[in-house]
1. Condition check: farther than 30 Å from A:Ile502 by Cα and open to solvent by 10 Å² or more (accessible area, probe 1.4 Å). Does A:Lys182 satisfy that?
2. State whether one or more residues within the stretch A:505-516 are without any contact (Cβ under 8 Å) to a residue 40 or more places away in the chain and either under 27 Å from the mean Cα position of the chain (by Cα) or within 13 Å of DNA strand B (Cβ to nearest atom) (or both).
3. Within the stretch A:121-157, can you find the residues that are of a type in the set (Lys, Arg), under 21 Å from A:Gln193 (Cβ atoms) and open to solvent by 20 Å² or more (accessible area, probe 1.4 Å)?
4. Taking the stretch A:768-778 as the search range and keeping residues that are buried (at least 16 other Cβ atoms within 10 Å of the Cβ) and assigned to a loop (DSSP other than H, G, I, E, B), which one is farthest from DNA strand B (Cβ to nearest atom)?
5. When the residues of the stretch A:533-577 are filtered to those that are within 14 Å of DNA strand B (Cβ to nearest atom) and hydroxyl-bearing (Ser, Thr, Tyr), which remaining residue is nearest to A:Lys598 (Cα to Cα)?
6. Any residue at all in the stretch A:472-488 that's modelled with pLDDT of 95 or more and among the aliphatic types (A, V, I, L, M)?
7. Considering every residue within the stretch A:518-532, establish whether at least one is part of a strand (DSSP E or B) and either more than 16 Å from DNA strand B (Cβ to nearest atom) or on the phi < 0 side of the Ramachandran plot (or both).
8. Tell me yes or no: at least one residue of the stretch A:230-240 is more than 11 Å from DNA strand B (Cβ to nearest atom), closer than 28 Å to A:Val463 by Cβ, among the aliphatic types (A, V, I, L, M) and free of Cβ contacts under 8 Å to residues at least 24 places away in the same chain.
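The values are calculated or read from the model by the stated rules, or taken from the named source; none is laboratory data. Just so you know, these numbers come straight off a predicted model, no measurement behind them. Cβ placement follows ideal geometry from the backbone for every residue including glycine, while neighbour counts extend to all protein chains displayed. Side chains are part of the model used for accessible areas, which takes the heavy atoms of the whole protein and leaves out ligands, DNA and RNA. Shrake-Rupley method; radii C 1.70, N 1.55, O 1.52, S 1.80 Å.
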Amino acid sequence: MPEKVRTVFAESDDERILKQTLSSQPTEGPERKKKRNKKRKLDEPEASNPADQDEPREIPASAKEVERSVSVPKKWPHAASQTNGPSTTKFHPKSKSKPFTDTKTNFTPLREKAKALLETRRKLPVFENADLIRDLLREQDVMLLVGETGSGKSTQIPQFLVDEFWCRPVPTQITRDGKTEKKMVGGCIAITQPRRVAAISLARRVAEEMGTPLGSHSPASKVGYSVRFDTSTSPSTRIKFLTEGMLLQEMLHDPNLTKYSAIVVDEVHERGINVDLTLGFLRNLVSGKKEGRGGVPLKVVVMSATADMESLTDFFQQGFKRPEPEQKAIEGVEAEADKMDTSSPKDISVCRIKGRQFAVKTIYSPAPVHDFVDAALKIIFQIHQKEPMPGDILVFLTGQETVEALEHLVNEYAMGMDPSLPKILVLPLFAALPQAAQQRVFAPAPPRTRKVVLSTNIAETSVTVSGVRHVIDCGKAKVKQFRTRLGLDSLLVKPISKSAAIQRKGRAGREAPGQCFRLYTEKDYLALDETNTPEILRCDLSQALLNMKARGVDDIVGFPFLTRPPREALEKALLQLLNINALEDDGKISAVGLHIAKLPLTPTLGRVLLAAGENGPECLLDVIDIISCLSVENIFLNTTSEEKKEAAEAARRDLYRREGDHLTMLTTVRVYAAEHADRKAWAERHLVSHRAMQSVMDVRKQLRTQCRQAKLLTNEALNNTSLHDPSPILILQSFLAGFATNTARLVPDGSYRTIVGNQTVAIHPSSVLYGKKLEAIMYNEFVFTNRSYARGVSAVQMDWVGEALAGKD
DNA sequence: TTAAGGACC
C-alpha cells in the first residue's frame, strides 16, 4: 500500500514548489494532533515571594499625553472643505430611498443620546488628531496608526472618515474579459476585528455615537456588522465592523472589495493568520493598477497597539516600490537609507496616538519561581491583607487545570482567614467554562468582598474584567504549535512575549492606578521575545493557501507575506491540498478546490462534504451532521472519575454506534434535533455539552444553506422530515475522500499500524471503539501524549481505503 | 486508560 501511495503523489510533482521535496515528504497527514502537557506538580519547593522586594520599580504612565510622530507631506490639501457634522446628503445615486429625515421612524432619542456621547468622544486622545488623520488620508492611500488601549481609535477613525469626499461611491466602467460593465465603486468603510464580540460591540457603540439604529433594525441604519452566523446590515450601511474571516470570505466573491472606499484593519499586533492574509491581499490591491475597481483607489488604515510599525511600513513600501512579483525578503533587513530611495515616499503615513491608561506599578520576583500556582496563592493573600478595598485581583494562569488547582487552594486558605478581613470571591475564567459561570466574572463584587479572578489568557485580549487593580502574571501561556514535519498540532506551555506581559499588566490600570506582580525576574522579562509569534508560523497552512489560490494567487512564493512561513510548511500544505484534489497537478486551483474554499471548513472536511454530495442527498445530510460535530469543540462532556464514566456510559448507551465515533455523532445530532421539549435537559441527562450542541446546530444550518445554494441539496430534500436509515458505508467512504491517509490496519500482534507510514497508533480511550479489534480504522486526528492515539475513530474496510487512496486523479 | 490557550469562515 505505501508504494501505491507514493506513485500517486509522484504524479503530482509538476508543482514547481513541490518538486524538490516530494520524494522526501512523509505521506501521513493527520489533520490535527495535540500533545498533552506535563502534569503540574503541586508539591514543588516553596517559591520566594516577589512582593518582599524593597523598591518596586515604577513604570511611568502615559496618561493623557498625545504624541504625534508623522511622516507627512508638507502642504495640506483643501483642508477646510469638509465638515465633520452628520451628513444628511443623499449620497448614493442608485438609492431610491429618501434622505434620513425619515418621518415614519422617530430617531430623536437616538440623536439626543449621540449628542450626549459627543462630550465623551471629544475627550478621547484620538479626537484631536481627527483633522490630521483626514488630511493625511486625502493625500495618501495607506496609513499606519499606532494607538494604545483606550485611545478610542476603533470607534472614532471610521467616523472621522465616513464623510470624506473620497468615501462616496463613484460610478465607473470596469472592463473584464473584454466586457465592460458599469458599476458603483466605494461608499463604505470596513473595520476588521479579530473577534466576533468585538465587531458586534464596536458596531453597537458607533451606531449610538452616530445616532443611527444598528444594522438591520432599520433600512436607514448607517452602521452594521458582519460575523459568522450573524450579519446585521442595511441598504444604507456605510460603516461595517466585521471579523477578518468575514472580509476574506467577501474577497472570494469580490476580490477588489468594490463596495468599500476604505478598509481599516484593527488589532494587527495580535497577528492572527487571517490578518496576515488580509494585509497581503490589501497590499496587492493598493499597489496594483486597480482595474478591478475602475481605477478608484482603496484607502487602507492599519491600526496596531504596539509601536513596531517599521516592518509594516516596509511591507507597504515594498509594494509601491516594485510592482514586479519577485522581491527580496521583506522582514527586518531594510535600512533607513533604503526607505529614502523610495520613489514615492508619500504613499504611507504613520500616526501615533497615546492611550489613556493609569499608572501600574510592576513588581518582579527577586528569584525564579518554580511553582507559579503556589507563588500566586501567597501574593493573593498578601494583597488581600495589605491593600484597601475596592480592588479586585486578576491572575493570569496557563489553563483550566492550573485555574482549578488555584481555585481550590484559595478557597481552602480563605476558610482559615481572619474573619475581620473582607471576604474573598474566587471566580475561574476560561473559554470552556459554561456561559453562566463566565458571566459571574463581570458582576461587581458583593459588599465587603474582593473578587479574585483566575483566568487563562482569555482575559488578556478577549474579555475585560472591570474592577481589577491588581494583576498577577505567571509569565506563561499555552501556545498551539503545528509541527510541519510530524504533521501534528501540539499545545505547549511557553513564556509569553513582552507585549503580552505589557498587555496583562495594563489590565490593572483601566480604571485606577494599579500594580502588577510578575512571577518571574526582571532578567527573565528582558529576555522575552518582543512580540507574539505570528499565528502563520504556528499553524497548518492548507486552509490559508487554499484561500489564496481561490483568490487567484497562483504563485504562493511571490505572495507578500508580512512574515513568510518556512518553505517546508508551505510545501506540506500544498501537498495536503493536492492529496484531496483541491489543486490541479500544475498547482492551480481545481473546481473542487474552488468549491471547498467557500465552505467554512478545513479543506479536508470540505472535501468530505463534496464527496458525500456525490453519494446522494441522504448521505450528504448525514455527513453534514457529523462534520458539524467535528468542527466544534468536543460534544461529549469529559468524564474524569470512574463513577462519572459509568454514569456517562449508561446515559449515552442509546447514542453509541458500533460503527464508531462518526455514526455516534450522527445519532447524537439526530436525537438532539428531534428533541423539541427541553434540549438543555436532554443534554444534561446524556452528559452532552449543550453549548457545543448549539454551535453544532448553527454550523449544520449554515452548511445546509450553502449546500442548497450550491445545488447539492434541494428544498425537497431539506424539508423532508421523515428520517431515512443512514448508510454507514456511504458515510464512511465519503470521509475517506478526505481522510484516506488517516487510516490504520490491525497487525497480528493486536496493535494498529498506520497504512501510510506504518506507525503504531492506539484508539483513544474517549472513542466508542476503545479497546476494539477491527480490520482497519479511520480517524480524524492523531494526538501524541505518552503514546500515539487516534481520535474520532470509525471502523473501515481495507478495500475502501485502497480505493480511496487509488481514486485520486 | 485521556484530557484542549484563544480566536475564526
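1. Details: farther than 30 Å from A:Ile502 by Cα: yes; open to solvent by 10 Å² or more (accessible area, probe 1.4 Å): yes.
When the stated conditions are applied, A:Lys182 passes them.
2. Within the stretch A:505-516, the first condition is being without any contact (Cβ under 8 Å) to a residue 40 or more places away in the chain, and the residues that meet it are none.
No, the stretch A:505-516 contains no residue that is without any contact (Cβ under 8 Å) to a residue 40 or more places away in the chain and either under 27 Å from the mean Cα position of the chain (by Cα) or within 13 Å of DNA strand B (Cβ to nearest atom) (or both).
3. To start, the set of residues in the stretch A:121-157 that are of a type in the set (Lys, Arg) comprises A:121-123, A:134, A:138, A:153.
Filter once more, keeping what is under 21 Å from A:Gln193 (Cβ atoms): A:121, A:153.
Result: A:Arg121, single match.
4. From the stretch A:768-778, those buried (at least 16 other Cβ atoms within 10 Å of the Cβ) are A:768-769, A:774, A:776-778; that's our starting set.
Subset that is assigned to a loop (DSSP other than H, G, I, E, B): A:768-769, A:774.
Values: A:Val768: 12, A:Leu769: 13, A:Leu774: 18 Å.
Among those residues, the one meeting the criterion is A:Leu774.
5. A:Ser542
6. Yes, there is a match, as at least one residue in the stretch A:472-488 is modelled with pLDDT of 95 or more and among the aliphatic types (A, V, I, L, M).
7. Going through the stretch A:518-532, the residues part of a strand (DSSP E or B) turn out to be A:518.
Among the residues that remain, those that are also either more than 16 Å from DNA strand B (Cβ to nearest atom) or on the phi < 0 side of the Ramachandran plot (or both) are: A:518.
Looking for residues that are part of a strand (DSSP E or B) and either more than 16 Å from DNA strand B (Cβ to nearest atom) or on the phi < 0 side of the Ramachandran plot (or both), one finds at least one in the stretch A:518-532, hence yes.
8. No, because not a single residue in the stretch A:230-240 is more than 11 Å from DNA strand B (Cβ to nearest atom), closer than 28 Å to A:Val463 by Cβ, among the aliphatic types (A, V, I, L, M) and free of Cβ contacts under 8 Å to residues at least 24 places away in the same chain.
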